[in-house]
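The values are calculated or read from the model by the stated rules, or taken from the named source; none is laboratory data. From a predicted model like this one, the values you see are computed outputs, not experimental measurements. Don't worry about glycine lacking a Cβ; one is built from the backbone with ideal geometry, like all the others, and counts go over all protein chains shown.
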Amino acid sequence: MAKIEELRESRKFMGDFSVLESKHIAYLGLYNSERFLNEIVNWLALQDRKDIGLLVCDNKSVDGTWSLAVKQISEVYPKSVFVQTPINLGGYGAFSLNFDLFEKSNWITTFHQDDRYRSNHLAAHADLASKASADLGIIASEQESYSPSGKRLGFPRAHWFLPKDADPATVFLANLRRHSLPFSGASFNLKLLQEIGIPWHSTAFPDTELVLRMLPNWTGFVDSSTVVEYLENPLSESHSIENSERSLGVSMSLSRVFSSKNFSTLCRQVVQSDRENFVYEVIAGIGHRIQDPLYRNFTNTLALEVMFQEFGPISNISKNLEATYLGVGAIASSQLLHELHTFRGDSNDELCLVTSEGDARFKAEPSRVTTKHSFFKNAISRLLGMFPRSLRKWVLGGMFALAKKLGIRTSWQFDWKKTSRE
């Protein structure tokens, strides 16, 4: 297998690398981008802070991206440097390969080829980064989704429904179900990226894995003064993953999350009265993310074993682990787990069924979206897209509040400490 040094030595370069010797730089990843170049050139030309160095990385395109990008982008953004990877490494892989070029920087703003950015984007992020606290890891931007035909889509955003004073455990559980920090146009603290390494070969879950693994040591927030026009591109890397690959990728990512020191630290911050609910929400979140029962049960078991070490044999852990061990014929282990949770005075012998079935009180999402379901979802999103974002937030917030009153729990509700388990 090629080592990272061999891949770096095989890169192709153009430009003056001294433009990257600053505290804040920008990065634009490209792959077969000919059809996007006119738009890219337009929004780059309008950026208020073209004094910030820009690294343009072509991920070994097979069209004319390399030569066209060098010519067209350098004309409108003079402080650009160009690099081409020796092979297609995927979006995050190409980004990570070039970390050695960022060694003199503290922050990096990342651009995506198929999205559009307003003139204040880079300037606003640079200003926020210059004033950032030491534990700020990610600065994200609001997003407006658009269809390939140019229709604005009114998809809800998870950060709209997160409490402003959300603690790390709440942020973790929310992101386990719904990614809350949009990554298109996001700026990253280089120390965070260097601290948390994510494998390149899986494109299933890298953004959410990064957020989950950064907690509780790092924070992130969404800047409402910058809005990214986000293309819901069905051909993009993240949208083109098969369900089986997605389940495997998410399972591997969550295995790294639950095995990390940061997750153990996060568990120790959960007060004793909230621990049963925390366990319940972790298992429900895994069920929401992973459809395949084999990968889901494996990930559940790993998470439960880690929480067992931090919380001890509390009811939701012991019951679920008892069911798991009993299912594979481990009679002694299952008997011990049963005695542990009954010893603690738990008179309810019913097993928590979240492990094997997911939480039925969350609105189910099918593993394969049907044409009818997709049509309905797109129709609703187009309708909501006709309204201003502030009105959309109000309407959706009201809908979720009504659902809660009716006893229907959706994956957009993040008040886990108040959730009834009756």
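Restricting attention to segment 211-243, the residues that are under 20 Å from D115 (Cβ atoms) and either modelled with pLDDT under 90 or in contact with a strand residue (DSSP E or B) (Cβ under 8 Å, 6 or more places away or on another chain) (or both) total 22. Residues in segment 1-30 that are more than 26 Å from L44 (Cβ to Cβ) and under 25 Å from the mean Cα position of the chain (by Cα): I4 alone. Looking across segment 97-121, the residues that are within 30 Å of E9 (Cα to Cα) and not in a loop (DSSP other than H, G, I, E, B) come down to L97, N98, F99, D100, L101, F102, W107, I108, T109, T110, F111, H112.
A quick yes/no check of all residues on (1) within 15 Å of the chain's Cα centre (by Cα); (2) closer than 24 Å to I380 by Cβ; (3) surrounded by fewer than 18 Cβ atoms within 10 Å (Cβ to Cβ):
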position	(1), (2), (3)
T109	no, no, no
R118	no, no, no
L128	no, no, yes
A134	no, no, yes
P148	no, yes, yes
F161	no, yes, no
D167	no, no, yes
R178	yes, yes, no
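Among the residues in segment 194-208, are any at pLDDT 90 or above, among the aliphatic types (A, V, I, L, M) and crowded, with 18+ Cβ neighbours inside 10 Å? Yes: segment 194-208 contains one or more residues that are at pLDDT 90 or above, among the aliphatic types (A, V, I, L, M) and crowded, with 18+ Cβ neighbours inside 10 Å.
For A94, state whether it is in contact with a strand residue (DSSP E or B) (Cβ under 7 Å, 6 or more places away or on another chain), in the same structural domain as L181 (by TED's automatic domain parsing) and part of a helix (DSSP H, G or I).
When the stated conditions are applied, A94 passes them.
With the requirement that a residue be under 24 Å from A140 (Cα atoms), assigned to a helix (DSSP H, G or I) and in contact with a strand residue (DSSP E or B) (Cβ under 7 Å, 6 or more places away or on another chain), what does segment 74-91 give you? G91 - this is the single residue of segment 74-91 that is under 24 Å from A140 (Cα atoms), assigned to a helix (DSSP H, G or I) and in contact with a strand residue (DSSP E or B) (Cβ under 7 Å, 6 or more places away or on another chain). In segment 285-302, the residue that is farthest from F258 (Cα to Cα) out of those that are surrounded by 23 or more Cβ atoms within 10 Å (Cβ to Cβ) and among the hydrophobic types (A, V, I, L, M, F, W, C) is I290. Scanning segment 265-303 for residues that are among the hydroxyl-bearing types (S, T, Y) and farther than 15 Å from V171 by Cα yields S273, Y280, Y295, T299, T301.
For segment 53-68, the criterion of being closer than 17 Å to L122 by Cα, among the hydrophobic types (A, V, I, L, M, F, W, C) and surrounded by fewer than 17 Cβ atoms within 10 Å (Cβ to Cβ) is satisfied by no residue at all.
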